[in-house]
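Read the structure below first, then the notes.
Any read-out appearing in this document is the output of simple, stated calculations on the displayed coordinates, not a laboratory observation. This is a predicted model, so every value here is computed, not measured. Cβ coordinates were reconstructed from backbone atoms using ideal geometry, including for glycine residues, and neighbour counts include every protein chain displayed.
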Amino acid sequence: MKSDDYSGEADAKYLAKEILLRLKLMFPGHEGVMPLHSPVFHERSEELVIDCIRSTFVSSVGSCVALFEEQVAKACDTEFCVSTVSGTAALQVAMRVSGVESGHESLMPSLTFVATPNAASYLGAIPHFVDVDPQTLAMDPDVLRRHLMRCSTYRNGKLFNKKTNRQISSILAVHVFGHPADMSGLRKIADEFELPLIEDAAGALGSELEGRRVGSFGDLGILSFNGNKLITTGGGGAIVTNSQDLADAARHISTTAKRPHGWSFVHDQIGYNFRMPSLNAALGLSQIENLDGLLTAKRKIAARYQEYFKNFDEVSILKQPKNSNSNYWLNNIVLERFNENACEEIIQELNHMGINARPIWTPMHYLEIYRNSPKTSLSVTESIVKKIISLPSSPYLSEYF
């Protein structure tokens, strides 16, 4: 079948069957539903969680939190880590300590999960959407720089949007599917326009760019430990940074902004109750102990996809950017020259066959809540969402070959 001859349901079934055939060849012996991304637990997980319960220190004062933060910082090549109850909470805190305030604009891609603009909205800020690079799916530095040169101006040393008259106060880069964004290009722009750079590395733990772990390029980085991520704490997130001041500020406001004291309760600003409980951190400790093994498994699975889909003319595999070593959180195929309904129809067929496939996120500027947000032309974003399908990527799949 020629790619541009796609005609609907019949071809969707054909392509879904071709994908299913390759998955069966890739993972021989796998039975039942193939989930998109499942966590991996082992005896150590149960052991550490039970130890935490028996200690009775299950809230954020338990020792597991500090131990987990130490390991996360090490895994991200950063000096400091502040754990939180979710990746969204981590984003909100990171933006606040970076100076994002109500009425400001934060530059970010529209091609992201809704938590990214929501974190800005919780602070009363406005997301300002920027188009992405078709290779990395992350914010395109060239597009960003041209846009800022055209739409912004300085007033009293601050950068403002000439059209909205709002201050632009941050750049938020997203590492999509674990693939690193062009942090060198974005760092140069952040420095040129004197804006803090925050990395949304929610699904990118362990990914590397030019030999450095993501999360270490920006002023701050954030991670998610949701159940569908490479490692999980059930629910949770973290802020990583090399700045002592930013780490201290993040820890303070995420702990209700309570001044340190043995027994008195004095709070010097409006903070959040966002600290990760020790019970969750205990699970995280058992997970991060096996980070290297999980990364190896994920990269083997990615290589398997590339091998078995290389002669599939109707699709291509989304590969890691140059000079990077992705964690391949999710493996994705890109449909070649199909109509805009193909993606949804193929995903529907795959799920009927027991393959948990999904589309990429709905672009944020398509959502009613963000429809009126400022933005660049988003032609690449709008094109790519019609073509991408995420396929099963659980680390356990490496046991089947």
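Points to keep in mind about this one:
- Fewest-first ordering of THR84, THR362 by other beta carbons within 10 Å of each residue's beta carbon gives THR362, THR84.
- Peptide packing for 283-293, 173-183, 264-274, 157-167 was compared via the average number of neighbouring C-beta atoms within 10 Å per residue; ordered from the highest value, the list is 173-183, 283-293, 157-167, 264-274.
- Residue-span extension gain [ILE50 to HIS261] - 0.36 nm each, minus C-alpha spacing: 73.0 nm
- Cβ-placed point charges (K, R +1; D, E -1), dipole of region 175-316 about Cα centre in debye, nearest 20: 580
- Pairs from the list LYS300/LYS386; LYS13/LYS300; LYS319/LYS375; LYS13/LYS387; LYS74/LYS310; LYS158/LYS188 with a Cα-Cα gap above 25 Å: LYS300/LYS386; LYS13/LYS300; LYS319/LYS375; LYS74/LYS310.
- The convex hull built on the alpha-carbon positions of region 78-118 has an orientation-averaged projected area of 3.7 nm².
- Rounded to 5, the percent of DSSP beta bridges in region 43-288 classed as antiparallel: 55
- The alpha carbons of the chain occupy a box of 69, 58, 37 Å along the principal axes, longest dimension given first.
- Long-range HN-HN contacts of ILE168 with modeled amide H, under 5 Å: GLU105, LEU159, PHE160, ASN161
- Of the residues TYR400, TYR308, TYR328, TYR122, the one with the fewest other Cβ atoms within 10 Å heads the list, and the complete ranking is TYR400, TYR122, TYR308, TYR328.
- Ordering GLY235, LEU378, LEU137 by the projection of their Cα atoms onto the charge dipole of the chain, which places +1 on the Cβ of Lys and Arg and -1 on the Cβ of Asp and Glu, puts LEU378 at the extreme positive end.
- Cut-off under 5 Å, modelled amide H: who pairs with VAL132 long-range: ASP140, VAL380, THR381
- Placed amide H near VAL174: partners under 5 Å, 5+ positions off or other chain: MET139, ASP200
- Multiplying the residue separation of ASN341 and LYS158 by 0.36 nm and removing their Cα-Cα distance gives an extension gain of 61.4 nm.
- Given charges at beta-carbon only (K, R positive; D, E negative), |dipole| of region 315-355 in Debye: 360
- Summing charges over neighbours of TYR328, with a neighbour being any other residue whose Cβ is under 10 Å away from its Cβ, gives +4 when K and R count +1 and D and E count -1.
- For region 43-288, the relative contact order works out to 28 percent when only alpha carbon pairs closer than 8 Å and six or more residues apart are counted.
- The loop-placed trypsin sites (Lys or Arg not before Pro) in region 271-304, going by DSSP, include none that has at most 16 neighbouring Cβ atoms within 10 Å of its Cβ.
- Each of the peptides 93-100, 105-112 was scored by the mean count of other Cβ atoms within 10 Å over its residues; in descending order, highest first, they stand as 105-112, 93-100.
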